[in-house]
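Just below is one structure, and these are the notes that go with it.
The values are calculated or read from the model by the stated rules, or taken from the named source; none is laboratory data. As the structure is a computational prediction, the values presented were derived from the model and not from experiment. Methodologically, a virtual Cβ is constructed for each residue, glycine included, from the backbone with ideal geometry; neighbour enumeration extends over all protein chains shown. Only protein heavy atoms, including side chains, enter the accessible area calculation; ligands, DNA and RNA are left aside. Shrake-Rupley method; radii C 1.70, N 1.55, O 1.52, S 1.80 Å.
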Amino acid sequence: MPLPVYFAPLEGVTDAIFRRLHRERFPGVAKYYIPFISPTQNLRFTSRELSAIAPEANAGVPAVPQVLCKDAEQFLWAARELAQMGYGEVNLNLGCPSGTVTAKGKGAGMLTDVCHLERFLDEVFARAPLPVSVKTRIGVTSPAEFDRLLELFSRYPICELTIHPRTRTQFYKGQPHREVFARALEQTALPLVYNGDLFLPEDCLALERDYPGTRALMLGRGLIANPALARTLAGGPPLEHEELRAFHDTLFSAYSARYPGHVAVGRMREISRHFACCLEDAHKPLKAIRKAASLPAYAEAAARLFDTCALRENPGFTPDAP
């Protein structure tokens with residue numbers, strides 16, 4: 001049996017509309033992680049956050065909210081609210097490398113102060129109203145930091161620990177330190193999920209072969225570029241050109257109906273940049289997409305992309321894509 005596939009959250013892309021439409025068209029994803037919410041001292045969700053986590057917005061989607069927070073009381077408040085909404089899991093984000101996030105001591109910034117992180121986890125796991133999973137980097141500047149972090153994580157009943165084996169300073173560049181993930185499999189009894197640079201079916205199959213004991217795979221950019229990747233891994237058919245185009249057109253229609261034109265175009269630009277990784281000779285149409293400033297201009301450029309570019313033989317995300 002293939003490993004379960006989880007859809008990693010990507011801010012501005014994998015919103016409720018994307019999750020619902022992807023779920024309808026491309027089976028195979030076991031969990032969809034909702035881009036992070038960040039509770040504050042006033043203990044309220046913003047209207048944007050409420051639209052993302054509203055149960056009706058995620059009906060039929062196995063969604064898991066992700067929380068970005070450095071205060072245990074704020075995290076516990078959010079977890080209680082999410083439990084009342086009917087969610088069965090909440091995910092703690094210790095992996096976001098963004099400078100604006102880490103400067104506030106959140107995301108991967110929490111890894112800089114292990115003593116604070118320990119106090120935070122003590123409070124959370126003493127009173128959490130539902131299972132807590134964690135997504136983490138392996139350190140701030142050095143992979144050697146992860147030995148201490150893993151020892152800390154292993155003290156708690158984390159329902160799943162997702163490891164992105166890069167440091168915060170690597171962001172998404174350079175090679176993941178998979179040797180760190182391999183050691184973690186040997187050193188902890190926690191269920192481990194692998195995340196990082198899984199772009200093609202063969203990437204996923206090799207990871208599963210080389211690291212037995214892995215609980216699941218979390219895919220982000222690879223699953224956005226090739227939305228049929230999880231289906232293919234489960235033994236289903238590979239991506240087809242026309243279904244990629246139909247998915248694009250359905251997303252464009254839904255975003256155009258939901259958002260002001262410039263917002264819809266901005267979201268579709270990012271999605272098209274990923275989809276274009278699966279298409280041959282997409283550079284020129286992508287230039288027109290980047291320049292599009294209105295819904296009609298975007299629609300014309302996107303039509304050119306799909307009309308003139310054939311599907312690659314082995315479609316998938318490419319890190320050096322334009």
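Provide a single number: the residues in the stretch 105-134 that are part of a loop (DSSP other than H, G, I, E, B) and in contact (Cβ under 8 Å) with a residue 60 or more places away in the chain.
The total comes to 1.
What are the pairs with Cβ atoms under 7 angstrom where one residue, in the stretch 213-236, is β-branched (V, I, T) and at pLDDT 95 or above and the other, located anywhere, is part of a loop (DSSP other than H, G, I, E, B) and surrounded by fewer than 24 Cβ atoms within 10 Å (Cβ to Cβ)? Sequence gap at least six, or different chains.
T214/L3; I224/L10; I224/V13; T232/P238
Only one residue in T169, T162 is of a type in the set (V, I, T) and either without any contact (Cβ under 8 Å) to a residue 24 or more places away in the chain or assigned to a strand (DSSP E or B) (or both). Which one?
Result of the check over T169, T162: T162.
Could you list, ordered by first residue, the pairs with Cβ atoms under 9 Å in which the first is in the stretch 195-212 and surrounded by fewer than 14 Cβ atoms within 10 Å (Cβ to Cβ) and the second is polar (S, T, N, Q), at least 6 apart or interchain?
Cβ pairs passing all conditions: E202/N314.
Quick one: in the stretch 63-106, which of the residues that are under 14 Å from the mean Cα position of the chain (by Cα) and of a type outside the set (A, V, I, L, M) is surrounded by the fewest Cβ atoms within 10 Å (Cβ to Cβ)?
Among those residues, the one meeting the criterion is P97.
Before we move on, is F171 aromatic (F, W, Y) and open to solvent by less than 20 Å² (accessible area, probe 1.4 Å)?
Considered against the rule, which asks whether it is aromatic (F, W, Y) and open to solvent by less than 20 Å² (accessible area, probe 1.4 Å), F171 comes out as no.
What residue, of P39, P35, P2, is in a loop (DSSP other than H, G, I, E, B) and buried (at least 18 other Cβ atoms within 10 Å of the Cβ)?
After ruling out the rest, the residue left standing is P39.
So which residues in the stretch 239-256 are farther than 29 Å from K173 by Cβ and not in a helix (DSSP H, G or I)?
Selection gives E240 alone.
Looking only at the stretch 8-32, how many residues end up being basic (K, R) and surrounded by 22 or more Cβ atoms within 10 Å (Cβ to Cβ)?
Count: 1.
Quick one: is V265 touching a Ser or Thr at 6+ places or on another chain (Cβ under 8 Å), surrounded by 15 or more Cβ atoms within 10 Å (Cβ to Cβ) and either of a type outside the set (K, R) or over 30 Å from G139 (Cβ atoms) (or both)?
So V265 fits the description; yes.
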